[in-house]
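J.: This is the structure I have questions about; it appears just below.
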Amino acid sequence: MTDFQLHNAQAEDLQKYPDFFARAALFNTLNQPAQPQTFDQNFISRMTARSVDKLVFYRQVPVFYLSYKKAAVVHPIETMILDDRVEVPQDELYHFIRTECFDKVSLKLMHDKFEYHTCDRPLNESVLEHIGFLRKKNHRVMNLPLEFHRSHPLPEEILEHIRIAPVETSQDMTDRVNIQNGVFHDKSRTPLVWLDVQTEMKNKSYIDRLSLLLRWDGTPCAYGQIITNSSAFYLVNFGVLPPYQGRGLAHILLDALLNAAREQGIRQIMLEVYEDNTRAISLYEEHGFKTMYNKSQWIYQKKQWCEAPRTSI
C-alpha cells in the first residue's frame, strides 16, 4: 500500500491549494499558469480532452503537479510543480511520478515522448534528472530594446551586390525553403516544405513586411524574419547559406530586419540561440542584444528506463 495517490486535477483544486499552485514560478519561471479544467468524468470527455492535468498527493498533501498537451509527436509540458517543502521518501516519490504520470500514460498515447523547457535552476534540474528526463539542448534567450540597436554599415562595393525584399511570390517562398533547409540541415530540424511556409503565412504570428530574403547578385542566399506571439516579437529562422558566409551578409540582413521593425513601431526584439553557437551569439551581441537567461530543453521517453535485455553467458 502506497502513501501516494494520483488524481486528475480539477479547477477547484486551485482554490483548495493556492499556496501549492503559487509555487509554479518558483519551480520554473517558464511554467504556464496552472489552469486545470473540470470535465465530466466519463470516458468520452477524458479521451477527447487535449489538456491533461495530474496531481500527486502524499498523505492527502499535494506534492507534484503536471500539465501537458496531447500532441501528434511530442507532448509539450506546460506546467510542472514539485513542492520541496513536504518531507517525502524521495525515491518512492520519483518512482511513483515516473510510473503513474509518464510510463502508464505512454501506453494510452500514440507517442511516448514528453518535452519540457526550463529556466535553469538547481531544483528543477535535480527533479527532472531523478524522474528520468534527459537534457537535450541548451538555449540562450537574448533581447534588444531597439533604441540600443548598433548598426553595422558595410562598404558600397559590397552593398551594390545586395537586394533585400519581403517574401511575396511563390518563387520567394521556394527560395526561403531552400535557404532554411541549407542553413539548418544539421540542426535536427524537420526539413521545411513549401506548404509549411504557405500555412505559416496565414498565421497571426506572421508579419509579412518582416519576412526578408537577401539576394547576392540575384541569387537568394540569406533569410530572416520577425514574428509575434501577441505579447513579444521574436527574431527567428535567421541564417546565411554557407557559401556566402564571411561577407558581412548576416550584419546587413539583421540591420534591415531591426530597422524595419523599428519603423513599424516595435520597441524590443527577443531571440533564442543554441548556447554552443558562439558565432551567432557574437553577431547578436555586436548589434546590442544581451542575454536574459539560459533555457534548457528536456525530453522524457519511456524506453530510456526500460531494462536492457539480459544475455545468457
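J.: For the chain, what is the mean residue ellipticity at 222 nm derived from helices alone (per DSSP H run of n ≥ 4: -39500 (n - 2.57); sum divided by total residues; nearest 500 deg cm²/dmol)?
T.: My calculation for the chain gives -7000 deg cm²/dmol from helical runs alone.
J.: Quick check: the angle from helix 170-183's long axis to the longest principal axis of the chain, C-alpha only, nearest 10 degrees?
T.: With both axes taken from Cα atoms, the answer is about 70 degrees.
J.: If I stretch the segment between LEU123 and ARG59 completely, what's the gain in nm (0.36 nm per residue apart, minus their alpha carbon distance), one decimal?
T.: Extra length available between LEU123 and ARG59 comes to 20.8 nm.
J.: Which residue, chosen from PHE114, PHE238, MET80, occupies the Cα position most advanced towards the positive end of the dipole of the chain, where the dipole is computed from +1 (Lys, Arg) and -1 (Asp, Glu) charges on Cβ about the Cα centre?
T.: Farthest towards the positive end: PHE114.
J.: Starting from the residue with the highest accessible area, list HIS7, HIS149 in decreasing order, probe 1.4 Å.
T.: HIS7, HIS149
J.: Ignoring ligands, DNA and RNA, please state the percent of accessible area on the range 88-240 from carbon and sulfur, probe 1.4 Å.
T.: 51
J.: With the contact rule set at Cα under 8 Å and sequence spacing of 6 or more, what percent relative contact order holds for the chain?
T.: Relative contact order for the chain comes out at 21 percent.
J.: Each label point is 7 Å from the Cα along the Cα-to-Cβ direction; what then is the distance between the points at HIS152 and THR169, in nm?
T.: My value for the distance between the label points is 3.0 nm.
J.: Turning to a different aspect of this structure: Relative to the longest principal Cα axis of the chain, at what angle does helix 249-263 sit, 0 to 90 degrees, rounded to 10?
T.: Taking Cα atoms only, the helix is inclined about 80 degrees.
J.: Here's something else I'd like to know. So what J values fall out for the range 78-83 if you push phi through Karplus, 6.51 cos²θ - 1.76 cosθ + 1.60 with θ = phi - 60°, rounded to Hz, Gly and Pro as x?
T.: My calculation for the range 78-83 gives 8, 8, 9, 9, 10, 8 Hz in order.
J.: Quick one: Debye curve from the alpha-carbon atoms of the range 107-215 only, equal weights, vacuum; give me log10 I(q)/I(0) at q = 0.17, 0.20, 0.21 Å⁻¹ to two decimals.
T.: Values, matching the q order: -1.14, -1.22, -1.24.
J.: Suppose R0 equals 35 Å. What FRET efficiency, 1/(1 + (r/R0)^6) with r the Cβ-Cβ distance, do GLU92 and GLU263 give to the nearest 0.05?
T.: Efficiency for this residue pair is about 0.05.
J.: Provide the per residue accessible area, probe 1.4 Å, for the range 138-257, rounded to a whole number of square angstrom.
T.: 52
J.: Just the number please: accessible area per residue for the range 52-136, 1.4 Å probe, all protein chains included, in Å².
T.: Using a 1.4 Å probe on heavy atoms only, each residue of the range 52-136 averages 46 Å².
J.: Something else: When the C-alpha atoms of the range 199-277 are aligned to their principal axes, what extent does each axis show, in angstrom, from largest down?
T.: Sorted largest first, the three principal extents are 36, 31, 26 Å.
J.: For the chain, what proportion of DSSP beta bridges, expressed in % and rounded to the nearest 5, is antiparallel?
T.: 95
J.: Now, a different point. Considering only C-alpha atoms, what is the centroid distance from the range 136-157 to the range 176-226, in Å?
T.: The range 136-157 and the range 176-226 have Cα centres spaced 19 Å from each other.
J.: Given H placed on each backbone N at 1.01 Å, which residues far from GLU275 in sequence or on other chains put an amide H within less than 5 Å of it?
T.: ASN138, HIS139, ARG140
J.: Another question, then. Helix 122-131: angle to the longest alpha-carbon principal axis of the chain, degrees 0 to 90, nearest 10?
T.: 60
J.: How long are the semi-axes of the equivalent ellipsoid of the chain, taking √(5λ) for every eigenvalue λ of the Cα gyration tensor, in whole Å from largest down?
T.: Taking √(5λ) for each eigenvalue gives 44, 21, 20 Å, largest first.
The values are calculated or read from the model by the stated rules, or taken from the named source; none is laboratory data. A quick note: this is a predicted structure, and the numbers were derived from the prediction, not measured. Note that we place each Cβ from the backbone using ideal geometry, even for glycine, and neighbour counts take in every protein chain shown. With ligands, DNA and RNA removed, areas are computed over all heavy atoms of the protein, side chains included. Shrake-Rupley method; radii C 1.70, N 1.55, O 1.52, S 1.80 Å.
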